[in-house]
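Just below is one structure, and these are the notes that go with it.
The values are calculated or read from the model by the stated rules, or taken from the named source; none is laboratory data. Here the structure is a predicted model, which means the values were calculated and not measured. Cβ atoms come from the backbone with ideal geometry, glycine included; neighbour counts cover every protein chain shown.
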Amino acid sequence: MSLACRQCGVTGAFDTLIIFSPSGIFDDDAHVAEYDNFYTCCATFDDFTAVEDSRFAIVVQSYKNDSWRTGNNGPKLTECKRKKISEAELKKKLPIIYRELLKMVA
């Protein structure tokens, strides 16, 4: 199964994800796939300002995935470029991804 950006629906190979933790705690030793997430091509790491406290983070893996069938849980957060991002900024820039991640805890 190929990957698609949840925001725009474009299929392809992606290295950027938005991840969500209801508690706002992101364990550095956890794998990316342990968090609710969506790949995206509609935003880059530099599109977001880092914040101290948030339930959302942007993560850039060191490689691109083009399939959901990776055979693993992806890299650990310590192996990725990452930062917590503002909920309001995410809602404005990626409204579909924002809404869909919140549905996962409803």
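Of the residues making up segment 61-78, those that are in contact with a strand residue (DSSP E or B) (Cβ under 9 Å, 6 or more places away or on another chain), loosely packed, with under 15 Cβ neighbours inside 10 Å and not polar (S, T, N, Q) are 63, 64, 66, 68, 76. Right, residue 28: touching a helix residue (DSSP H, G or I) at 6+ places or on another chain (Cβ under 9 Å) and of a type outside the set (Ser, Thr, Tyr) or not? So residue 28 fits the description; yes.
Here residue 51 meets each of (1) in contact with a Phe, Trp or Tyr (Cβ under 7 Å, 6 or more places away or on another chain); (2) at pLDDT 95 or above with one exception, condition (1).
So in segment 30-48, with the set limited to residues that are part of a helix (DSSP H, G or I) and modelled with pLDDT of 95 or more, which one is nearest to residue 61 (Cα to Cα)? Break it down stepwise before answering.
Going through segment 30-48, the residues part of a helix (DSSP H, G or I) turn out to be 32-34, 45-47.
Still in the running and modelled with pLDDT of 95 or more: 45-47.
Details: 45: 11, 46: 14, 47: 16 Å.
Looking at the filtered set, the residue picked out is 45.
Counting only residues that are under 18 Å from residue 11 (Cβ atoms), touching a Ser or Thr at 6+ places or on another chain (Cβ under 9 Å) and in a strand (DSSP E or B), segment 65-81 holds 1 of them. Contact list please: Cβ distance under 6 Å, first residue in segment 4-28 and crowded, with 19+ Cβ neighbours inside 10 Å, second residue of a type in the set (Gly, Ala, Ser) and at pLDDT 95 or above, pairs at least six apart or on different chains. From segment 4-28, the pairs are 19/57; 26/57.
I'm trying to understand the selection: among the residues of segment 29-46, which are surrounded by 13 or more Cβ atoms within 10 Å (Cβ to Cβ) and either at positive phi or in contact with a strand residue (DSSP E or B) (Cβ under 8 Å, 6 or more places away or on another chain) (or both)? So that I can check it myself, show each step before the final result.
Initially, segment 29-46 is screened for residues surrounded by 13 or more Cβ atoms within 10 Å (Cβ to Cβ), giving 30-43, 45.
Across segment 29-46, the qualifying residues are 30, 31, 32, 35, 36, 37, 38, 39, 40, 41, 43, 45.
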